[in-house]
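Participant: The structure's right below; bear with me while I get my questions together.
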Amino acid sequence: MGDDLLHELLRSLRVWDPAATELPAFDPATAPADPLALFTAWFAEAVAAGQLEPHTMSLATAGEDGLPDVRTVMLHGADASGWSFATHVDSRKGRQLTARPYAALGFYWPAQGRQVRVRGPVTAAPAQDGQADLQARSTGALAAALTGRQSQVLRSLEELARASESAWERAGREPDAPVPTWTLYQLRPDEVEFFQGDARRRHVRLDYRRGEGGWVRELLWP
(Lines give C-alpha, C1' and ligand atoms only; values in the text may rest on other atoms or scores of the structure.)
Protein backbone atom coordinates (compact mmCIF):
# COMPACT_ATOMS: atom_id res chain seq x y z
CA MET A 1 0.00 0.00 0.00
CA GLY A 2 2.87 2.36 0.80
CA ASP A 3 4.43 1.87 -2.63
CA ASP A 4 1.08 2.42 -4.36
CA LEU A 5 0.51 5.62 -2.40
CA LEU A 6 3.96 6.93 -3.25
CA HIS A 7 3.54 6.17 -6.95
CA GLU A 8 0.08 7.75 -6.98
CA LEU A 9 1.40 10.90 -5.34
CA LEU A 10 4.35 11.10 -7.71
CA ARG A 11 2.06 10.83 -10.75
CA SER A 12 -0.22 13.55 -9.39
CA LEU A 13 2.50 16.17 -8.99
CA ARG A 14 3.39 18.80 -11.54
CA VAL A 15 6.70 20.47 -12.25
CA TRP A 16 6.62 24.27 -12.46
CA ASP A 17 2.91 24.70 -11.84
CA PRO A 18 1.97 28.07 -13.41
CA ALA A 19 0.17 28.94 -10.19
CA ALA A 20 3.50 29.03 -8.37
CA THR A 21 6.13 29.33 -11.10
CA GLU A 22 6.87 31.96 -13.72
CA LEU A 23 9.54 30.89 -16.19
CA PRO A 24 11.49 33.97 -17.34
CA ALA A 25 13.20 34.18 -20.70
CA PHE A 26 16.96 33.78 -20.66
CA ASP A 27 19.17 34.82 -23.56
CA PRO A 28 22.65 33.40 -22.92
CA ALA A 29 24.10 35.85 -25.45
CA THR A 30 23.48 38.62 -22.91
CA ALA A 31 25.12 36.75 -20.01
CA PRO A 32 28.13 38.44 -18.38
CA ALA A 33 31.63 37.10 -18.86
CA ASP A 34 31.97 36.12 -15.19
CA PRO A 35 29.60 33.53 -13.65
CA LEU A 36 29.58 35.31 -10.30
CA ALA A 37 27.86 38.31 -11.87
CA LEU A 38 25.14 36.11 -13.35
CA PHE A 39 24.75 34.18 -10.09
CA THR A 40 24.30 37.44 -8.17
CA ALA A 41 21.66 38.64 -10.64
CA TRP A 42 19.77 35.35 -10.55
CA PHE A 43 19.96 35.23 -6.76
CA ALA A 44 18.47 38.72 -6.52
CA GLU A 45 15.73 37.73 -8.96
CA ALA A 46 14.95 34.61 -6.94
CA VAL A 47 14.53 36.73 -3.81
CA ALA A 48 12.30 39.20 -5.70
CA ALA A 49 10.20 36.31 -7.04
CA GLY A 50 9.48 35.16 -3.47
CA GLN A 51 11.60 32.03 -3.61
CA LEU A 52 11.73 30.51 -0.12
CA GLU A 53 15.22 30.13 1.34
CA PRO A 54 17.13 30.80 -1.89
CA HIS A 55 20.38 30.69 0.08
CA THR A 56 20.03 26.98 0.81
CA MET A 57 22.00 24.64 -1.42
CA SER A 58 22.98 21.01 -1.79
CA LEU A 59 26.60 20.28 -0.92
CA ALA A 60 28.06 17.13 -2.45
CA THR A 61 31.32 15.67 -1.17
CA ALA A 62 33.15 12.32 -1.20
CA GLY A 63 35.18 10.63 1.49
CA GLU A 64 38.32 8.51 1.42
CA ASP A 65 36.29 5.63 -0.03
CA GLY A 66 35.30 7.80 -2.99
CA LEU A 67 31.58 7.32 -2.33
CA PRO A 68 29.39 10.42 -2.78
CA ASP A 69 27.45 12.17 -0.04
CA VAL A 70 25.07 15.12 -0.14
CA ARG A 71 23.16 17.36 2.26
CA THR A 72 21.52 20.80 2.36
CA VAL A 73 23.52 23.67 3.83
CA MET A 74 23.43 27.46 3.71
CA LEU A 75 25.44 29.74 1.45
CA HIS A 76 27.44 32.18 3.56
CA GLY A 77 28.76 34.32 0.71
CA ALA A 78 30.16 34.40 -2.80
CA ASP A 79 32.90 36.63 -4.13
CA ALA A 80 36.02 36.49 -6.28
CA SER A 81 37.53 33.98 -3.82
CA GLY A 82 34.66 31.53 -4.24
CA TRP A 83 31.37 30.33 -2.78
CA SER A 84 31.53 29.92 1.00
CA PHE A 85 29.82 27.71 3.57
CA ALA A 86 30.70 26.59 7.08
CA THR A 87 30.63 23.51 9.27
CA HIS A 88 32.61 21.77 12.00
CA VAL A 89 35.91 20.43 10.70
CA ASP A 90 35.26 17.17 12.57
CA SER A 91 31.75 16.68 11.17
CA ARG A 92 31.16 14.09 8.44
CA LYS A 93 31.37 16.65 5.65
CA GLY A 94 34.35 18.31 7.32
CA ARG A 95 36.21 14.99 7.44
CA GLN A 96 35.28 14.29 3.84
CA LEU A 97 36.58 17.67 2.73
CA THR A 98 39.83 17.01 4.57
CA ALA A 99 40.21 13.68 2.76
CA ARG A 100 39.07 14.96 -0.64
CA PRO A 101 39.04 18.79 -0.82
CA TYR A 102 36.73 19.01 -3.82
CA ALA A 103 32.96 19.55 -3.81
CA ALA A 104 29.89 20.49 -5.81
CA LEU A 105 27.04 22.84 -4.95
CA GLY A 106 23.50 22.78 -6.30
CA PHE A 107 20.92 25.57 -6.08
CA TYR A 108 17.29 25.00 -7.12
CA TRP A 109 14.85 27.91 -7.38
CA PRO A 110 11.51 26.46 -8.55
CA ALA A 111 9.77 29.85 -8.43
CA GLN A 112 11.55 30.55 -11.72
CA GLY A 113 12.51 27.06 -12.84
CA ARG A 114 16.19 27.75 -12.35
CA GLN A 115 19.17 25.73 -11.20
CA VAL A 116 22.80 26.64 -10.65
CA ARG A 117 25.53 24.02 -10.31
CA VAL A 118 29.00 24.88 -9.02
CA ARG A 119 32.00 22.59 -8.57
CA GLY A 120 35.66 22.99 -7.77
CA PRO A 121 38.39 22.63 -5.15
CA VAL A 122 37.66 23.61 -1.56
CA THR A 123 39.97 25.29 0.94
CA ALA A 124 39.49 26.09 4.61
CA ALA A 125 39.70 29.76 5.53
CA PRO A 126 41.90 30.90 8.45
CA ALA A 127 40.48 30.13 11.89
CA GLN A 128 39.75 33.79 12.61
CA ASP A 129 37.56 33.98 9.50
CA GLY A 130 35.52 31.02 10.71
CA GLN A 131 35.06 32.62 14.10
CA ALA A 132 34.06 35.95 12.52
CA ASP A 133 31.56 34.12 10.33
CA LEU A 134 29.99 32.49 13.37
CA GLN A 135 29.84 35.75 15.34
CA ALA A 136 27.98 37.41 12.45
CA ARG A 137 25.17 34.85 12.71
CA SER A 138 22.32 34.43 15.20
CA THR A 139 22.42 33.33 18.82
CA GLY A 140 20.79 30.09 17.70
CA ALA A 141 23.57 29.45 15.22
CA LEU A 142 26.18 29.97 17.94
CA ALA A 143 24.26 27.71 20.31
CA ALA A 144 24.10 24.97 17.69
CA ALA A 145 27.84 25.30 17.04
CA LEU A 146 28.58 25.19 20.77
CA THR A 147 26.48 22.03 21.12
CA GLY A 148 29.01 20.41 18.80
CA ARG A 149 29.56 16.69 18.26
CA GLN A 150 27.97 16.95 14.80
CA SER A 151 27.57 13.58 13.03
CA GLN A 152 28.54 11.61 16.14
CA VAL A 153 26.21 8.94 17.52
CA LEU A 154 23.52 10.38 19.83
CA ARG A 155 22.38 8.13 22.65
CA SER A 156 19.04 9.89 23.30
CA LEU A 157 17.05 13.04 22.57
CA GLU A 158 17.28 13.86 26.27
CA GLU A 159 21.06 14.04 26.00
CA LEU A 160 20.70 16.44 23.07
CA ALA A 161 18.23 18.59 25.01
CA ARG A 162 20.62 18.92 27.95
CA ALA A 163 23.59 19.81 25.76
CA SER A 164 21.50 22.27 23.74
CA GLU A 165 20.14 24.04 26.81
CA SER A 166 23.66 24.46 28.16
CA ALA A 167 24.86 25.78 24.79
CA TRP A 168 21.98 28.27 24.52
CA GLU A 169 22.73 29.55 28.01
CA ARG A 170 26.39 30.06 27.16
CA ALA A 171 25.61 31.67 23.80
CA GLY A 172 23.39 34.23 25.52
CA ARG A 173 25.96 34.90 28.24
CA GLU A 174 29.03 34.81 25.98
CA PRO A 175 28.12 35.96 22.44
CA ASP A 176 31.77 35.81 21.35
CA ALA A 177 32.35 32.28 22.68
CA PRO A 178 35.01 30.50 20.58
CA VAL A 179 34.18 27.32 18.72
CA PRO A 180 37.57 25.98 17.54
CA THR A 181 36.10 23.35 15.22
CA TRP A 182 33.86 25.80 13.33
CA THR A 183 35.40 26.26 9.89
CA LEU A 184 34.58 28.49 6.96
CA TYR A 185 35.18 26.79 3.61
CA GLN A 186 35.50 28.35 0.17
CA LEU A 187 34.82 26.55 -3.08
CA ARG A 188 36.75 28.09 -5.97
CA PRO A 189 34.75 27.10 -9.04
CA ASP A 190 36.22 25.31 -12.01
CA GLU A 191 32.75 25.09 -13.54
CA VAL A 192 29.43 26.90 -13.04
CA GLU A 193 26.31 25.86 -14.95
CA PHE A 194 23.10 27.89 -15.20
CA PHE A 195 19.87 26.10 -16.10
CA GLN A 196 16.71 27.95 -17.12
CA GLY A 197 13.61 25.82 -17.45
CA ASP A 198 11.25 26.21 -20.40
CA ALA A 199 7.58 25.21 -20.59
CA ARG A 200 8.17 23.38 -23.88
CA ARG A 201 11.21 21.62 -22.39
CA ARG A 202 13.64 23.67 -24.47
CA HIS A 203 15.67 24.29 -21.37
CA VAL A 204 18.63 26.64 -21.67
CA ARG A 205 21.89 25.45 -20.12
CA LEU A 206 24.85 27.83 -20.06
CA ASP A 207 28.10 26.34 -18.81
CA TYR A 208 31.11 28.37 -17.66
CA ARG A 209 34.45 26.55 -17.49
CA ARG A 210 37.60 28.10 -16.16
CA GLY A 211 40.31 28.29 -18.83
CA GLU A 212 43.85 29.59 -18.90
CA GLY A 213 42.72 32.95 -20.25
CA GLY A 214 39.50 33.27 -18.27
CA TRP A 215 36.03 31.78 -18.42
CA VAL A 216 34.89 29.80 -21.46
CA ARG A 217 31.13 29.74 -22.06
CA GLU A 218 29.28 26.92 -23.84
CA LEU A 219 25.68 25.94 -24.36
CA LEU A 220 24.70 22.39 -23.39
CA TRP A 221 21.90 20.24 -24.72
CA PRO A 222 19.09 20.04 -22.15
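The values are calculated or read from the model by the stated rules, or taken from the named source; none is laboratory data. Nothing here was measured: the structure is a model prediction, and the numbers come from that model. All Cβ positions, even for glycine, are placed from backbone atoms using ideal geometry, and neighbour counts span all protein chains on display. Remember, those area values only see protein heavy atoms, side chains included, never the ligands or the DNA or RNA. Shrake-Rupley method; radii C 1.70, N 1.55, O 1.52, S 1.80 Å.
Participant: Could you tell me how many of the residues in the stretch 10-38 are over 26 Å from the mean Cα position of the chain (by Cα), at pLDDT below 95 and not in a loop (DSSP other than H, G, I, E, B)?
Facilitator: Residues meeting the conditions: 2.
Participant: Here is a follow-up. Being assigned to a loop (DSSP other than H, G, I, E, B) and either more than 23 Å from residue 74 (Cα to Cα) or open to solvent by less than 30 Å² (accessible area, probe 1.4 Å) (or both) is the filter here; which residues of the stretch 185-218 pass it?
Facilitator: Of everything in the stretch 185-218, those that are assigned to a loop (DSSP other than H, G, I, E, B) and either more than 23 Å from residue 74 (Cα to Cα) or open to solvent by less than 30 Å² (accessible area, probe 1.4 Å) (or both) turn out to be 189, 197, 198, 199, 200, 201, 202, 203, 212, 213.
Participant: Same structure, new question: Condition check: open to solvent by less than 90 Å² (accessible area, probe 1.4 Å), in contact with a strand residue (DSSP E or B) (Cβ under 8 Å, 6 or more places away or on another chain) and either at pLDDT 95 or above or of a type in the set (Val, Ile, Thr) (or both). Does residue 41 satisfy that?
Facilitator: Spelling it out, it is not the case that residue 41 is open to solvent by less than 90 Å² (accessible area, probe 1.4 Å), in contact with a strand residue (DSSP E or B) (Cβ under 8 Å, 6 or more places away or on another chain) and either at pLDDT 95 or above or of a type in the set (Val, Ile, Thr) (or both).
For (1) under 17 Å from residue 88 (Cα atoms); (2) β-branched (Val, Ile, Thr); (3) outside any loop (DSSP other than H, G, I, E, B), each residue gets a yes or a no:
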site: 134; (1), (2), (3): yes, no, yes
site: 137; (1), (2), (3): yes, no, no
site: 145; (1), (2), (3): yes, no, yes
site: 154; (1), (2), (3): yes, no, no
site: 161; (1), (2), (3): no, no, yes
site: 166; (1), (2), (3): no, no, yes
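Participant: Same structure again: Considering only the stretch 79-92, I want to know if a residue exists there that is open to solvent by 10 Å² or more (accessible area, probe 1.4 Å), among the basic types (Lys, Arg) and modelled with pLDDT under 95.
Facilitator: Looking through the stretch 79-92, none of the residues is open to solvent by 10 Å² or more (accessible area, probe 1.4 Å), among the basic types (Lys, Arg) and modelled with pLDDT under 95.
Participant: Output the qualifying pairs, or none if there are none: Cβ atoms under 8 angstrom, residues six or more apart or on different chains, first residue in the stretch 53-77 and more than 18 Å from residue 150 (Cα to Cα), second residue of a type in the set (Lys, Arg) and part of a loop (DSSP other than H, G, I, E, B).
Facilitator: 64/100; 66/100
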